[in-house]
Amino acid sequence: MRPVDATAWLDFLVEGSARGIARRTSRRGLLGSLGALLVGAAVVPLLPVARGAEAPGKQGGALDKSQDPTQCEYWRHCAIDGYLCGCCGGSASSCPPGTEQSAVTWVGTCHNPADGMDYVISYNDCCGKGTCGRCLCNRNERDTPIYVPFESNDYDWCTGSDKANVPYHCSTARIVAPAR
Amino acid sequence: MSAVGAARLAAALAALLLGSDTALAYQPQVNYMLQCMGCHRPDGSGEPGRVPSVRRTLVRFARLAEGRRYLVSVPGAAQSRLTDAELAELINWMMDHLSDLPATGIAPFTAAEVTRNRRPPLIEVSATRARLIDQTR
């Protein structure tokens, strides 16, 4: 006769459960399920979901020009009139080596299609070297004729600076603040 | 909605109805960026020998009747595309944010005052400015 103790009922329960699982399943079945899980996890990223945030500026495989700082169509260049510093050894925000940013500048607003907001953009000329000559861009949004001088961008901001008539090289387009 | 917000909305709606450029009603800080900062620089200090600083003259001029006329009739102010109300709001903002001297006790500019003094634009800018500086020493 089997000895009876307080935990015998638990042993009986676990044993019955384990035998039940062994009858209903197989090792092959377990491997098959694990395999399906692994393959499924690998396939999920291939599903056709939107991945706009992954590659901003890319549409249909080609770079969206409105988000490419080396293009005239770049959104910050909406009111520029000059050579893009991004093509001249600098960037849309900084002057190329060997040039100096003009203190006086032309300021306008541009709409960023990526976030739907308008921004104040400062178009500082870079001065001190001969004309860059690459990537001329003349978009002039909200520019006024020169007889409305305070909102005309047709001036060479390098002329008459402290450095006495240093030559114009290229133009930057710095974000100053949201335009609200 | 705050009173300021309601006033701004009303101004924007009025401008829309009038078909004016001022439909883009900006805060005075942004109007400073768009109308003044290009020459006077972000802090109002200008460029020595080329663009005058406003930092030590704005409040001093605003204490004199002729100085107040000067501030709204200098070409950059008088010929800007701001409405009279926007120009008044902008000069008040500049006194509060760009002046080295406190604007305490100075009456704020109003649209009516700007309307009275904005035209004709000042021609003798440098001479008038020098005279005002002498008067406020």
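Throughout, read-outs are computed from the coordinates displayed, never taken from laboratory work. For clarity, every value in this text was computed on a predicted model and none was experimentally measured. Using ideal geometry, Cβ is built from the backbone for each residue, glycine included, and neighbour counts are taken over all protein chains shown.
Structure above, values below:
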item: Placed amide H near residue B:27: partners under 5 Å, 5+ positions off or other chain; result: A:180
item: Phi to ³J(HN,Hα) by Karplus 6.51 cos²θ - 1.76 cosθ + 1.60 over region B:52-57, Hz, x for Gly, Pro; result: x, 6, 9, 5, 10, 10
item: Å³ per residue enclosed by the Cα convex hull of region B:81-137; result: 114 Å³
item: Under the Karplus curve 6.51 cos²θ - 1.76 cosθ + 1.60, θ = phi - 60°, whole-Hz ³J(HN,Hα) for region A:97-108, x wherever Gly or Pro sits; result: x, x, 10, 10, 6, 5, 6, 8, 8, 10, 10, x
item: For region B:85-115 versus region A:61-115, the gap between their alpha-carbon centres in whole angstrom; result: 34 Å
item: Contour minus Cα-Cα distance for residue A:34 and residue A:11 (0.36 nm per residue); result: 5.3 nm
item: Sequence of A:175, A:80, A:21 once ranked by neighbouring C-beta atoms within 10 Å, starting from the fewest; result: A:21, A:175, A:80
item: Extension gain, residue A:21 back to residue A:139 (0.36 nm per residue minus Cα-Cα distance, nm); result: 35.0 nm
item: For region B:50-101, projected area of the alpha-carbon convex hull averaged over all directions, nm²; result: 3.7 nm²
item: Sorted by Cβ density within 10 Å, fewest first, the residues A:135, A:126, A:88; result: A:135, A:88, A:126
